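All remarks here apply to the structure that follows.
Each reported figure results from applying straightforward, stated rules to the coordinates on display, with no laboratory input. Please read all numbers here as calculations on a predicted model, not as lab measurements. Reconstructed Cβ throughout: ideal geometry from the backbone, glycine too, with neighbour counts over all protein chains shown.
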C-alpha cells in the first residue's frame, strides 16, 4: 500500500477548526490500531505549551508549536494542478509504484 501523504508534501485541511488552510508536512506519526495516522503541518494546529526549565540556564516560558492532527483531516495538493485531490497508485515501467493525482492523472 502506498502512503497518501509524505513528509514535505503540501496539504489542504478539509475539516476541523483549521479548515481551508494549507501547509507543508513537518512530521508523520504512524498509524496505531484503527487510526489512519497523524500529521504535523507547519503553521496549522498551533498549541500553547507551558514549558518548565529543566536544566540550569535553560529558559522556561510559554511556547506556541504545532501539534499532530488526524490524517483524515488533510488532503494532498497536486503539484501540477495545484488543487487538493485524492491519490491513486500507478506501477511504473521500472516496477516501482508512484502516487498519481486523481484529477489530472499526473505523478506527484
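Within segment 1-32, the residues that satisfy the criterion of being under 30 Å from residue 91 (Cβ atoms) and loosely packed, with under 11 Cβ neighbours inside 10 Å are 1, 8, 30, 32. Is it the case that residue 7 is part of a loop (DSSP other than H, G, I, E, B) and touching a helix residue (DSSP H, G or I) at 6+ places or on another chain (Cβ under 9 Å)? So residue 7 does not fit the description; no. Considering segment 33-51, and only residues there that are touching a strand residue (DSSP E or B) at 6+ places or on another chain (Cβ under 9 Å) and exposed (fewer than 10 other Cβ atoms within 10 Å of the Cβ), the residue that is nearest to residue 78 (Cα to Cα) turns out to be 48.
Scan segment 62-108 for residues that are surrounded by 16 or more Cβ atoms within 10 Å (Cβ to Cβ), assigned to a strand (DSSP E or B) and either touching a strand residue (DSSP E or B) at 6+ places or on another chain (Cβ under 7 Å) or touching a residue at least 24 places away in the same chain (Cβ under 8 Å) (or both) and jot them down. Those that are surrounded by 16 or more Cβ atoms within 10 Å (Cβ to Cβ), assigned to a strand (DSSP E or B) and either touching a strand residue (DSSP E or B) at 6+ places or on another chain (Cβ under 7 Å) or touching a residue at least 24 places away in the same chain (Cβ under 8 Å) (or both): 66, 69, 74, 75, 76, 77, 84, 87, 99, 100. Scanning segment 45-61 for residues that are more than 30 Å from residue 10 (Cβ to Cβ) and either in contact (Cβ under 8 Å) with a residue 12 or more places away in the chain or part of a helix (DSSP H, G or I) (or both) returns a single hit, 50.
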